[in-house]
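Derivation of every value follows stated rules applied to the coordinates shown; laboratory data play no part. Note that the structure is predicted; figures quoted are calculated from it, not measured. Note that we place each Cβ from the backbone using ideal geometry, even for glycine, and neighbour counts take in every protein chain shown.
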Amino acid sequence: MIKIAVNGAAGRMGRQLLSAIGEREGVVLSAAADAPGSASVGLDASVLSGGERQDVLISDSTQVLIDSSDVIIDFTAPAVSLALLDAIKGSGKRVVIGTTGFTAAQLETLHEHAAHTPIVFAPNYSVGVTVTLALLEQAAKAFADDYDVEIIEAHHRHKVDAPSGTAVKMGEVLADALGRNLEECAIYGRQGITGERDRKTIGFETIRAGDIIGEHTVLFAGNGERIEITHRATDRMTFARGAVRAASWLASRPAGVYDMNHVLGLAH
Ligand code: NAD
């Protein structure tokens with residue numbers, strides 16, 4: 001049995017992770033934590049997951065997570081995920097990170113940790129998005145510079161970072177396939193006298209509204225035709241199940257940073 005702990009257990013994703021661990025063969029929930037002062041601390045995990053009693057009490061201690069698990073799944077906030085990586089150093093434990101919104105400097109720090117810690121880091125743990133990324137790469141190579149590319153994403157009103165980690169990842173995949181540098185070609189929203197569209201840009205449009213779980217459309221528009229590739233998440237369990245699958249896969253891997261392509265055997 002692979003022992004999995006959840007950091008950020010009281011969050012929207014944390015609660016789903018508690019359920020997803022209960023669902024999967026070969027893994028067991030060994031610990032769960034949320035922020036010090038959170039109303040969830042001291043509750044049984046089943047109160048958060050709404051499932052059967054798991055005999056795991058929500059703690060506010062990272063050390064408890066480290067001591068009692070093989071792999072920790074963390075869907076929290078960038079500073080919290082980095083503090084977890086610091087605490088884990090030298091323990092031999094592994095981490096699946098779902099948090100998004102890291103700055104470039106924070107990402108660099110995360111990658112430095114991969115020298116000694118096995119990490120899966122993906123902006124989206126759904127199998128559907130992983131397949132969508134592969135389709136985007138193929139489409140962009142065929143359309144080359146003849147088609148305009150725009151990424152439109154929508155999420156619930158509580159999301160704190162924009163564009164979404166998944167939209168940024170889509171932008172990176174598209175820019176790579178088109179031989180462009182995303183930092184140089186990305187346009188984040190438009191307003192006022194923008195001038196004509198530069199063919200080599202990649203546009204990002206962000207919608208924040210209601211309880212939308214996560215929707216991403218990549219629009220390729222040429223002369224006389226338009227292609228839209230869309231992924232819609234309808235249930236957060238899709239991310240949670242993917243993250244638990246990643247944790248199970250990571251349990252036997254050496255130090256390094258991996259993504260869902262590795263977990264699903266699609267990496268080339
Ligand atoms: P949320 O705000 O509902 O949950 C975050 C949880 O982390 C909260 O319960 C909070 O109390 C807890 N937390 C804060 N500080 C902590 C600390 N020091 N120690 C332990 N826990 C702490 O947010 P959410 O909607 O669950 O999303 C969390 C993150 O996951 C976001 O960055 C979001 O973008 C990302 N996300 C990723 C995917 C994916 O597939 N990779 C999918 C959905 C969400």
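Shown is the FRET efficiency for ASP235 and HIS111, computed with R0 = 30 Å from the Cβ-Cβ distance and rounded to the nearest 0.05: 0.45. Each other residue within a Cβ distance under 13 Å of ALA77 adds +1 if Lys or Arg and -1 if Asp or Glu, for a net charge of -1.
What's the local net charge at GLU172, with K and R +1, D and E -1, over the other residues with C-beta under 13 Å away? Here the count lands on -3.
For the stretch 195-201, backbone phi angles converted through the Karplus equation (6.51, -1.76, 1.60; θ = phi - 60°) give residue-by-residue couplings of x, 5, 5, 7, 3, 8, 8 Hz, Gly and Pro being listed as x. Only Cα pairs under 8 Å and 6+ residues apart enter the sum, and on that basis the relative contact order of the chain stands at 21 percent. Calculated from the alpha-carbon coordinates, the chain shows an Rg and a Dmax of 19.4, 61 Å respectively. Estimated at 0.36 nm per residue, the fully extended path between ASP67 and ASP44 surpasses their Cα-Cα distance by 6.4 nm. Loop-located GluC sites (Glu not before Pro) in the stretch 166-207 (DSSP state other than H, G, I, E, B) with a sparse environment of at most 11 neighbouring Cβ atoms within 10 Å: GLU196.
Approximating the spin labels as points 7 Å out from Cα along Cα→Cβ, the ARG24-to-ALA104 distance works out to 3.4 nm.
Neighbours of HIS156 by Cβ distance under 9 Å: Lys/Arg scored +1, Asp/Glu scored -1, total +3. Among the trypsin sites (Lys or Arg not before Pro) in the stretch 11-85, those located in a DSSP loop and surrounded by at most 13 other Cβ atoms within 10 Å of their own Cβ are ARG53.
Under 37 °C and 0.692 mPa s, how fast does the stretch 127-233 diffuse according to Stokes-Einstein, given a Kirkwood radius computed over C-alpha pairs? Answer in µm²/s, whole number. Reported coefficient: 232 µm²/s.
Of all beta bridges that DSSP places with both ends in the chain, some 35 percent have antiparallel geometry. Here is the list for the stretch 1-99: GluC sites (Glu not before Pro) lying in DSSP coil, each with at most 10 other C-beta atoms within 10 angstrom of its C-beta, are GLU25, GLU52.
Summary of the geometry: the stretch 1-70 and the stretch 200-246, compared by the centres of their Cα atoms, lie 29 Å apart. Across the stretch 44-50, rounded Karplus estimates of 3J(HN,Hα) from the backbone phi angles (6.51 cos²θ - 1.76 cosθ + 1.60, θ = phi - 60°) give 6, 3, 5, 5, 7, 7, x Hz, Gly and Pro being marked x. Between SER59 and ALA32, ALA33, ASP34, GLY42, the built amide H atoms are under 5 Å apart, and every one of these is 5 or more places off in sequence or on another chain.
Compute log10 of I(q)/I(0) for the stretch 1-71 with the Debye formula, placing one identical point scatterer on every Cα and leaving out solvent, at q = 0.20, 0.28 Å⁻¹, to two decimals. Scattering profile of the stretch 1-71, log10 relative to I(0): -0.69, -1.37. So the label point goes 7 Å from the Cα of TYR188 along Cα→C-beta, right? Which residues of the stretch 95-110 then have their backbone N under 15 Å from it? Residues 100-107 fall inside that zone. Along the stretch 157-164 the Karplus relation, 6.51 cos²θ - 1.76 cosθ + 1.60 evaluated at θ = phi - 60°, assigns HN-Hα couplings of 5, 8, 5, 9, 10, 8, x, 4 Hz to successive residues, with x for each Gly and Pro.
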